[in-house]
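Participant: One structure coming up, written as structure tokens, with questions to follow.
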Amino acid sequence: MPPDQRPELLRIENLHAWYGESHILHGMNLTLHEGEVITLLGRNGSGRTTTLKAILGLVGRRTGSIKIHGTEIIDMPTHRIAHVGKLGYCPEERGIFASLNVDENLELPPVVAEGGLSVDDIYTMFPNLKERRKSQGSKLSGGEQQMLAIARILRTGANLLLLDEITEGLAPVILKSLDQVIRKLREKGFTIILVEQNFRFAAPLADRHYVIEHGQVVEQIDAADLEAKKEQLNRHLSV
């Protein structure tokens, strides 16, 4: 079934968000259907990460509308949003316990819904982690830490994944592994929002790209139209 014919999972309308007195998002609008992968593209400071945090209620103030499966969540606290939306967040700074080993990290995530991947499923998807299962988080490479951060949210039962700059600073061999992971998650029916600076990584994975400038969506590009609009997209993303 084409992505836009699947049930709508997320709808954001006229979303504004603030950190203190700083007004970051200025009327964001986007939609996401079940099983889709979308990217939020833009320059640093455009509001991409703030969009993810605003969905979760991790900003000082927000107004507008955020609906997950038709349920308005704009006034809900973060822990309720995670459960109602079956939502998992992988922040840019990752999210692992550095003093615990890989096995221990995978046993501790909170449960937001039934159906999280088993540890065996995780190790099948991330064979590198299986080899390092008794290693402390602080002893893992940057790529292994990133894989562990993603693996932890897959244990929670979340099926809407917010992934923030997961490729930043990683070697090409790790990027290839992450590409395969995103493809496998898509096959399993996960819905994913990627905030990504590495457009070359994101382009073949996403159904749709949202270009953000100054806290607003200025361009929406479907995967089928990407080649025709590449020059236009480069203008938006060039520094």
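Participant: With a cut-off of at most 12 other beta carbons within 10 Å, and DSSP calling the residue loop, which GluC sites (Glu not before Pro) in the range 1-54 qualify? Please list them.
Facilitator: Numbers: sites: GLU8, GLU13, GLU21, GLU34, GLU36; in loops: GLU21, GLU34, GLU36.
Here the sparse-neighbourhood loop sites are GLU21.
Participant: Find out how many positive minus negative residues lie around ARG155, taking Lys and Arg as positive, Asp and Glu as negative, among other residues whose Cβ is under 11 Å from that of ARG155.
Facilitator: Details: positive: ARG152; negative: GLU107, ASP121.
Once all neighbours under 11 Å are counted, the net charge is -1.
Participant: With only Lys, Arg, Asp and Glu charged, each at its Cβ (+1 for the first two, -1 for the last two), find how big the charge dipole of the chain is about the Cα centre; round to the nearest 20 debye. Each step should come with its number before you reach the end.
Facilitator: Values: 28 positive and 31 negative charges, 72 e Å.
Its charge dipole is roughly 340 debye.
Participant: Taking the DSSP beta bridges in the chain as the whole, what percent of them are antiparallel, to the nearest 5? Walk me through the numbers on the way to the answer.
Facilitator: Working: 25 of 42 bridges.
Of the beta bridges lying entirely in the chain, close to 60 percent run antiparallel.
Participant: Does the range 106-188 come out rounded, prolate or oblate, given a ≥ b ≥ c as the square roots of the eigenvalues of its C-alpha gyration tensor, rounded meaning a/c under 1.5 and, failing that, prolate meaning a/b above b/c?
Facilitator: It comes out oblate by the Cα gyration axes.
Participant: Anything over 31 Å Cα to Cα? Flag those among LYS130/LYS188; LYS86/LYS230; LYS139/LYS230, in the order listed. Could you put the intermediate results ahead of the total?
Facilitator: Numbers: LYS130/LYS188 21 Å; LYS86/LYS230 34 Å; LYS139/LYS230 40 Å.
Going by Cα-Cα distance, LYS86/LYS230; LYS139/LYS230 fall outside the 31 Å limit.
Participant: Related question: Write out the GluC sites (Glu not before Pro) in the range 111-196 meeting two conditions: DSSP loop, and at most 10 other Cβ atoms within 10 Å of their Cβ. Can you show the working numbers first?
Facilitator: Working: sites: GLU114, GLU131, GLU144, GLU165, GLU168, GLU187, GLU196; in loops: GLU114, GLU165, GLU168, GLU196.
In loop regions of the range 111-196 (DSSP not H, G, I, E or B), the sparsely surrounded GluC sites (Glu not before Pro) are GLU114.
Participant: I've got another one for you. For the chain, taking Cα atoms only, what is the radius of gyration to one decimal and the Dmax to the nearest whole Å?
Facilitator: Rg, Dmax (Cα atoms, Å): 17.3, 48.
Participant: Could you derive backbone 3J(HN,Hα) for the range 93-98 from the dihedral phi with the Karplus parameters 6.51, -1.76 and 1.60 (θ = phi - 60°), listing whole Hz in sequence and x where the residue is Gly or Pro?
Facilitator: Each residue's phi maps through the Karplus curve to give 7, 6, x, 10, 8, 5 Hz.
Participant: Shifting gears a bit: Return the carbon/sulfur percentage of the accessible area of the chain, one whole number, probe 1.4 Å, all protein chains in place. Write out the running numbers ahead of the final one.
Facilitator: Working: 5330 of 11250 Å².
Of the solvent-accessible surface of the chain, carbon and sulfur hold 47 percent.
Participant: Based on a Kirkwood Rh over C-alpha pairs, give the Stokes-Einstein translational diffusion coefficient of the range 61-121 at 37 °C and viscosity 0.692 mPa s in µm²/s. If you can, show how the numbers build up before the last one.
Facilitator: Numbers: Rh = 13.9 Å.
Value of D from the Cα-based Kirkwood radius: 236 µm²/s.
Participant: Another question, if that's okay. Using only the alpha carbons of the range 50-157, determine the length spanned along each of the three principal axes and report them from longest to shortest in whole angstroms.
Facilitator: Between the extreme Cα coordinates on each principal axis of the range 50-157 lie 46, 27, 18 Å.
Participant: Solvent-accessible area per residue for the range 87-183 at a 1.4 Å probe radius, Å²? Mind showing how you got there, number by number?
Facilitator: On the way: 4310 Å² over 97 residues.
Using a 1.4 Å probe on heavy atoms only, each residue of the range 87-183 averages 44 Å².
Participant: Calculate the spin-label point distance for ASP120 paired with PHE97, positioning each point 7 Å from the Cα along the beta-carbon direction, and give it in nanometres.
Facilitator: A separation of 2.4 nm, rounded to one decimal place.
The values are calculated or read from the model by the stated rules, or taken from the named source; none is laboratory data. Just so you know, these numbers come straight off a predicted model, no measurement behind them. Please note: Cβ atoms are built from the backbone with ideal geometry, for glycine as well, and neighbour counts cover all protein chains shown. Note: accessible area is taken over every heavy atom of the protein model, side chains too, but ligands, DNA and RNA are not part of it. Shrake-Rupley method; radii C 1.70, N 1.55, O 1.52, S 1.80 Å.
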